[in-house]
1. Hey, among the residues in region 315-347 that are β-branched (Val, Ile, Thr) and within 20 Å of residue 40 (Cβ to Cβ), which one's nearest to the chain's Cα centre (by Cα)?
2. Residue check, residue 177 against (1) over 30 Å from residue 463 (Cα atoms); (2) under 29 Å from the mean Cα position of the chain (by Cα), all met but one. Which one?
3. Which of the residues spanning region 189-218 are farther than 26 Å from residue 547 by Cα and not in a strand (DSSP E or B)?
4. Kindly state which strands (runs of 3 or more DSSP E) lie completely within region 259-351 and contain at least 2 residues that are not hydrophobic (A, V, I, L, M, F, W, C).
5. Being more than 21 Å from residue 636 (Cα to Cα) and either free of Cβ contacts under 8 Å to residues at least 40 places away in the same chain or buried (at least 19 other Cβ atoms within 10 Å of the Cβ) (or both) narrows it down to one residue among 433, 368; which is it?
6. How about region 233-274: which of its residues are touching a residue at least 60 places away in the same chain (Cβ under 8 Å) and under 22 Å from the mean Cα position of the chain (by Cα)?
7. Which residues, taken from region 596-630, are in a loop (DSSP other than H, G, I, E, B) and among the aromatic types (Phe, Trp, Tyr)?
Amino acid sequence: MLTIDDVLSIRHPEGPPRWAPDGARVAFAYHVDGVRELWTAAGPGTAARASAPGQTVGAFAWSAAGDLVYAVKNEAWVTGRPSPWLSGLDPVGDLACAPQGGALAVIRRGRLALLWPDGRLREVALPGDALSPLVWSPGGGRLACALREGEACDLVAVDVATGRVLWRTRTPDWEYGPDWVGEGRLTFGRASVDAMRREWVIADLESGEEVLVERHESAKGFGVHVPPVVAPDGGAIAYTWPVEGWTHVVLYDVASGARKVLMPGQHEDLGTETERPRFSPDGRHLAFASSRGDLRQRHIWRYDREAGGAPVQVSHAPGTQCEPMWSPDGRAIACIACGPRSSPEVAVVAAGGGEETAWTASMPAAWAREPVVEPEHVVLTSGDGMRVHADLFLPATLDRSARHPALVFVHGGPSRQMRCGWHPMHSYAVFYAFNQLLLQRGYVVISIDYRGGTGYGLDYEQGNYLQFAQGDLADCVAAADHVKALPFVDPERVGIWGLSYGGYMTLAALTKRPDVFAMGINIAGIWDMEQWAKWRWNRTPGHPVYFVRRWDGPKADGNAEIYRQISPRNFADGLRAPLLNLHGTADANVDFAQLDEIVRDCTAKGKDFAALYYPDESHMFTRRDTWEDAFGRMVAAFDRYLRCPPGERPRAMI
């Protein structure tokens, strides 16, 4: 049988892979034993670590000379050098190498800094804190970045030679995702602070005049915003946009203003929620991932700007191929590929199409010996009649004459979608492997794509409007009801678990629907949603506007009931099933105070719970020993409460 060691021994590459300037290698982040390392590969069987042993890598980039520059905490390193190149970097900042050689741009102590190979360093005086991303103009003479001054988030363009600010947005909106249209114009996204309006615009740096490319308004608010991408010749801009209720790639001709939806229909042209389409080096072709043909899969497609017509499918393997990146000669596309029986790999496929070739080998031998269970897609009817999607996993050795325990797995986000097989995101790939371990231990597993998630159209993504911890909770209950109706599942032995929003759903399920689940495990979930929104706003102004908009705006008399419903702590009296809580103290996404409040409330009310904290751990735990402990405790809790009849269950969670 699979072990927790087998689950944690899978390496997980993270996209997009990036080609060296000479096209000989690709670089990528690789999660190895809980450490995010920098690796390169030049073909199958050639993957090798490029960062120093023990280093946890942040942003990285190829220089024009072919060197790999990468960030480790607050330092910039160059592969092959024995000491850091520069210190004082912002830990979550970006770094970008000039396209024609020359300076490295970084964010250092909140300031934009330029570092040259000869050691010269210049910090650029800006009227606020510099923020990612850092984007060089095609000729390397100018640089664009985000700027925070108070609670405002603007964009600025800087002359590299003089350090002079050439242009700045000054609106109450949030501007983001800049890309250069030649040397004198920028295209970027703009979102209103109430999350009800978003736009793509092109701005002339000299005159300040703007051309509106696209605008979309909705009282229900928007989720993920994906920045536009400019063709190398500056003649076209590609962006993803809702078209008749589905996210599609749109090609905008800069000269004429004409727009073309490349592949309309009821599918989504996004590989991951933050993925951007990519132009080939000569600008003729555009590569993007699409779910056309099967909403739970993604394949790479290619569009020819010169020939026109319909896009052509490039990759075909079952599962997901996403994050396409063109080789410098335009003959190959690197991507992240995974499937029903294979975890994510860095793969390369010919630009003309064909079978992708894995350049990494991420799965240990144990997985080749053990049967991996493929999910069965099911469509469920939720409590209010909405049709929602889920994946059902049955143990390979299922004894259908007996009654088995079952688990509802709830993903985070909520703007996420699970896939047919492994997921390209590291966290969900780890959980997919853990669910396979649970299957071998005799658990039936159902993974629910509740409303508010992506992949099934705009109406589905906006289906959680005014429905937090209500409609999406009903979807989780529908998943539980589905497995309870199976003749080989014991309806009194169904549990629920998840991370982040999945943990939030677990807390909501056990407090608001205590009749449904026998136990639950919450990893870094939200207990008091109002408190979390205030904390998140103070930490990153403007961040939770998506959530607030889905709650009908700031709290007022008219939406007081909505605000009461969104926080599980308001329903703590209803908690009857055992609850295990796990949280890292350095979580930057969900404040650790949420666990404090769970402990305080559950203790005061005499509830059956346990809480474990992991010092200095992040939202998705990083260290291998943390996951060894967490997964071990989770398996023990599942076994303790779901392998025996209710009357024989222990009285106290341990």
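The values are calculated or read from the model by the stated rules, or taken from the named source; none is laboratory data. Bear in mind the structure is a predicted one, so any value in this text is a computation, not a measurement. When we count neighbours, we look across all protein chains shown, and the Cβ atoms used for this are built from the backbone with ideal geometry, even at glycine.
1. Filtering first and then ranking leaves 336.
2. (1)
3. Passing the criteria: 205, 206, 207, 208, 209.
4. 259-261, 285-290, 299-304, 320-326, 342-350
5. When all the criteria are applied, what remains is 368.
6. Answer for region 233-274, where residues must be touching a residue at least 60 places away in the same chain (Cβ under 8 Å) and under 22 Å from the mean Cα position of the chain (by Cα): 242, 245, 246, 247, 268, 270, 271, 272, 273.
7. 621
Residues are listed down the side, and each one gets a yes or a no for (1) more than 24 Å from the chain's Cα centre (by Cα); (2) assigned to a strand (DSSP E or B); (3) in contact (Cβ under 8 Å) with a residue 60 or more places away in the chain; (4) crowded, with 20+ Cβ neighbours inside 10 Å:
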{"residue": "36", "(1), (2), (3), (4)": "no, yes, yes, no"}
{"residue": "40", "(1), (2), (3), (4)": "no, yes, no, yes"}
{"residue": "45", "(1), (2), (3), (4)": "yes, no, yes, no"}
{"residue": "66", "(1), (2), (3), (4)": "yes, no, no, no"}
{"residue": "99", "(1), (2), (3), (4)": "yes, no, no, no"}
{"residue": "117", "(1), (2), (3), (4)": "yes, no, no, no"}
{"residue": "123", "(1), (2), (3), (4)": "yes, yes, no, no"}
